[in-house]
1. In the stretch 224-242, what residues are under 20 Å from the mean Cα position of the chain (by Cα) and away from the ligand (no atom under 12 Å from the Cβ)?
2. Quick check on Gly197: is it more than 16 Å from the ligand (Cβ to nearest atom) and touching a Lys or Arg at 6+ places or on another chain (Cβ under 9 Å)?
3. Taking the stretch 169-179 as the region of interest, how many residues are outside any strand (DSSP E or B) and within 15 Å of the ligand (Cβ to nearest atom)?
4. Within the set of pairs 6+ apart or on separate chains, which have a first residue in the stretch 228-249 that is closer than 12 Å to Val91 by Cβ and without any contact (Cβ under 8 Å) to a residue 60 or more places away in the chain, a second that is within 11 Å of the ligand (Cβ to nearest atom) and among the charged types (D, E, K, R), and C-beta atoms under 6 Å apart?
5. Of all residues in the stretch 1-31 being assigned to a loop (DSSP other than H, G, I, E, B) and more than 18 Å from Ala428 (Cβ to Cβ), which is modelled with the lowest pLDDT?
6. Being in contact (Cβ under 8 Å) with a residue 40 or more places away in the chain, within 30 Å of Asn194 (Cα to Cα) and buried (at least 19 other Cβ atoms within 10 Å of the Cβ): is that true of Cys269 here?
7. Name the residue, out of His88, His184, that is more than 16 Å from the ligand (Cβ to nearest atom), surrounded by 18 or more Cβ atoms within 10 Å (Cβ to Cβ) and modelled with pLDDT of 95 or more.
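The values are calculated or read from the model by the stated rules, or taken from the named source; none is laboratory data. Computed from a predicted structure; not experimentally measured. Cβ sites come from the backbone with ideal geometry, for glycine too, and all protein chains shown count toward neighbours.
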Amino acid sequence: MRLMHPSEILNRTFELLRKHHEWMKGTVNLIASENVTSVAVREALISDFQHRYAEGWPGERVYAGCKYIDQIELMSIDLAKQLFKAEHANVQPTSGVAANLAMFTALTEPGDTMMCLSIPSGGHISMGKKKLGGTAGAVHGLQVENWPFDEGRMNIDVDAAIKKVREVRPKLLLFGGSVFLFPHPVKEFAEIANEVGAHIAYDAAHVAGLIAGGQFQDPLREGADVMTCSTHKTLPGPQHGMILCKQELAERINKAVFPGVVSNHHLHCVAALNVALAEMLEFGKEYAIQIIKNARALAKELYERGFSVLCPDQGFTSSHTILIDVTKYGGGGIIEKRLEEANIIINRNLLPWDLREGRHYVNPGGIRLGVSEVTRLGMREGEMKEVADFITRVVVDGISPTRVAVEVQEFKKRFTKLHYAFDSMDEAYEYIRIRGNPPSSG
Ligand SMILES: *Cc1c(COP(=O)(O)O)cnc(C)c1O
């Protein structure tokens, strides 16, 4: 790359940011792990909090200058406890991976065994074995054993799993994952966890917003001791993490987070999280209900157009996500690229049987679609039909993606406002243009 003059770098950076914003305005984003935040959340993110440190607990900081930061963090803790009906909340993990690492640290020693989903069955890389470079194995030194998985039902095989827990005697049973169509059988394991002396944890990175809205499952009531999550997937907050747990584990979790895995805990994100948690308390239920309706509608429309959407006999999904086998159209990698050219952003995804059949992550058999972002923009079941048509035209009918891109852009003009937020007329993709503001006359 040609060396740029520093001022040119500045111009170029902002030009690229503006281009990205313009592009997003005209795309249909179906990435299951993404969402858009309200302008209020984004305003909190650009506050002075982003310059500060507040190591330690509110009221017991290692730094001075924290009197307002403390009040915001205490509020955030209270909001999180209220929203998830949790005895304790820690809002300091800077991401879902950091939350998981702190949870592993609090509940296990290196060398202990953990049960969780395998990656092709929907597990996240933070749960991965050492040989995969996963956080659990490579960073914390856990032995990772995978849940026996029922590929037809796309869920944990309870009978086989109980048998395996008795054999392996793990210290940690971890539920949740990144591809997650139906609630996991948590309460079925409460007794056996007790019997073998294991803790139960639940990774709600993807489904925290659905849990907050009371529309998925309620892990902390079903027997989970700890729930970790990202705060930016179905929960429409800043990119951050959070841990909720029983009071008896509060001290261990807090210590594992700080000084264990964070020093700075991204205070602007904590402030932004307050806004997102308040939005969920106010609008979470209707938002989560609509997400699930939209996911089922999109699945049904695509299925009727010939797509092999997984689990038709179970209603396709009970979450924000649907999974489609696209091997007959050339594979997930190929379809992902073609749809991106059509302004439809989705991601390729391993299916549980892909590795066995010789496919891998570059061009796996599946694609994963999530409807959180389009729901936040006010789309409903009727629009899922239009989205299914766009996808069909590109993938099945072979119409030129660039032609469909123009139609998608046109369609998207009807959905620029953000719903389920206090300022419901906020523009979803507007670039907060502080640089362009005229100088104040004061
Ligand atoms: C996304 C995800 C994470 C990681 O969250 P980050 O906030 O990206 O660090 C952890 N677990 C699961 C199941 C996820 O899907």
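1. Ala224, Val226, Pro236
2. Answer is yes for this residue.
3. Counting residues in the stretch 169-179 that are outside any strand (DSSP E or B) and within 15 Å of the ligand (Cβ to nearest atom) gives 3.
4. Going by the 6 Å Cβ cut-off, there are no qualifying pairs.
5. Met1
6. no
7. One residue alone meets the criteria, His88.
Listed here are the residues, each with its yes/no results for (1) within 15 Å of the ligand (Cβ to nearest atom); (2) of a type in the set (D, E, K, R); (3) touching a residue at least 60 places away in the same chain (Cβ under 8 Å).
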| site | (1), (2), (3) |
| --- | --- |
| Asn100 | yes, no, yes |
| Met103 | yes, no, yes |
| Pro110 | no, no, no |
| Met114 | yes, no, yes |
| Leu132 | yes, no, no |
| His140 | yes, no, no |
| Asp157 | no, yes, no |
| Glu167 | no, yes, no |
